[in-house]
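The values are calculated or read from the model by the stated rules, or taken from the named source; none is laboratory data. As the structure is a computational prediction, the values presented were derived from the model and not from experiment. Here Cβ is always computed from backbone atoms with ideal geometry, including for glycine, and neighbour counts include all displayed protein chains. We work out accessible area using only protein heavy atoms, side chains counted, and drop any ligands, DNA or RNA first. Shrake-Rupley method; radii C 1.70, N 1.55, O 1.52, S 1.80 Å.
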Amino acid sequence: MKKNENIILMDKICKSFPLEVGGVQQVLFDISFKVNSGEFVSIMGPSGSGKSTCMNIVGALDTPTSGTYQLYGRDITNMTDDDLAKIRNEYIGFVFQNFNLLSKRSVLDNVMLPLMYRGMSPSERVERARDMLRRVGLEKFETYLPTQLSGGMKQRVAIARALAGDPKLILADEPTGALDSKMGNEILKFFKQLNKEMGITIVMITHEFDIAKYSDRLIHIYDGRINYDGPVPESESALTKKLHRTNK
Ligand code: ADP
Ligand code: MG
């Protein structure tokens, strides 16, 4: 995939969830944006604004109610669950706020997980997982259980796992949300490095401007609508001035 190639193309995406009492709750309204290969983009907005719902669609974990979405040139709107799983496995590494590690499996096993369906031999999988643990500085911890590690270390294991599948795109939902600011900054610097040095496209969800600052572009969502999409402004107050009002 060449730099500047359009890899995410969302056009008027809407998402509604059925309500138990009947009817639906619409969470996303006409979300349209493009991401090119090699970009580092933040999707920022207050809690409940629809960021995770949006990321689940970007990551082909969920499909929209209406609108079209092309990921790496493939229309995912009407794909079967199997095809969605394949496209995720081929292109995307996920990093979540709560790490999503298997607590009873070793660090090494956790990192090897995405390699299960890659047609690699067990020894190739081990070798690759060890390589990834070296990249995040955790090669000495491969036999540990996630529960024996600090939050920052757990997130590094999760990043090693995301990298093991050789993703072109990393999707991170509040990746520093469970970390103190020092550990959070380390993780963000690492993302920056992956983006600049390896050209991995990163889409990161956050509700904090100080975290969005690490990216090169900011998409702001409020009540399920985009109200800013552009370079990261110099300060949060500058961002606030640029937000255009959305009328629901
Ligand atoms: P954010 O990540 O910005 O905090 P979310 O995307 O998680 O926001 O949620 C936005 C809104 O969508 C919330 O009101 C939430 O309750 C609702 N929502 C999210 N997922 C579901 C779901 N699976 N079923 C019903 N409502 C949902
Ligand atoms: Mg969320």
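Worth pointing out:
- Amide H within-cut-off set for residue 214, under 5 Å, with H built and near neighbours excluded: none
- In the distance distribution for region 83-226, Cα-Cα pairs more than 22 Å apart total 38 percent.
- With Cα atoms, 0 to 90° folded angle of helix 151-164 axis to the chain main axis: 90 degrees
- Set of aspartates and glutamates near residue 242 by C-alpha distance (under 13 Å), chain-local residues within fewer than 8 positions excluded: 229, 234
- Net charge of Cβ neighbours under 13 Å - reference residue 16; Lys, Arg +1; Asp, Glu -1: -1
- Proximal lysines relative to residue 15, as straight alpha-carbon distance under 17 Å, when same-chain residues fewer than 8 apart are discounted: 51, 248
- Carbon + sulfur, % of accessible area of region 175-248 - ligands and nucleic acids excluded, 1.4 Å: 48 percent
- Excluding same-chain neighbours fewer than eight residues apart, the aspartates and glutamates reachable from residue 104 by a Cα-Cα span under 19 Å are 139, 142.
- What the Cα convex hull of region 143-248 gives, in volume per residue, is 123 Å³.
- 0 to 90° range, to nearest 10: angle between helix 181-198 axis and the chain longest Cα axis: 90 degrees
- Its residue count N sets the reference 2.2 N^0.38 Å, and the alpha-carbon radius of gyration of the chain equals 1.02 times that reference.
- Debye, to nearest 20: dipole size of the chain, +1 on Lys, Arg Cβ, -1 on Asp, Glu Cβ: 380 debye
- Residue-normalised accessible area of the chain, expressed per residue, 1.4 Å probe, Å²: 50 Å²
- log10 of Debye I(q)/I(0), alpha-carbon scatterers only, for region 102-185 at 0.15, 0.19, 0.20 Å⁻¹: -0.51, -0.81, -0.89
- Accessible carbon and sulfur surface of region 21-155 relative to its total accessible area, %, 1.4 Å: 47 percent
- Rounded to the nearest 20 debye, the dipole magnitude of region 28-150 is 380 debye, with +1 charges on Lys and Arg beta carbons, -1 on Asp and Glu beta carbons, and the Cα centre as origin.
- Kirkwood hydrodynamic radius (C-alpha pairs) into Stokes-Einstein, region 29-131, 20 °C and 1.002 mPa s, D in µm²/s: 134 µm²/s
- Extreme residue, positive dipole direction of region 142-248, given options 143, 175, 155 (C-beta unit charges): 175
- Bridge orientation summary for the chain: considering DSSP beta bridges with both residues in this region, about 55 percent are antiparallel.
- Kirkwood hydrodynamic radius over Cα pairs of region 1-43, then Stokes diffusion coefficient at 20 °C and 1.002 mPa s, in µm²/s: 173 µm²/s
- Summed residue charge, Cβ within 14 Å of residue 44's Cβ, Lys/Arg positive, Asp/Glu negative: -3
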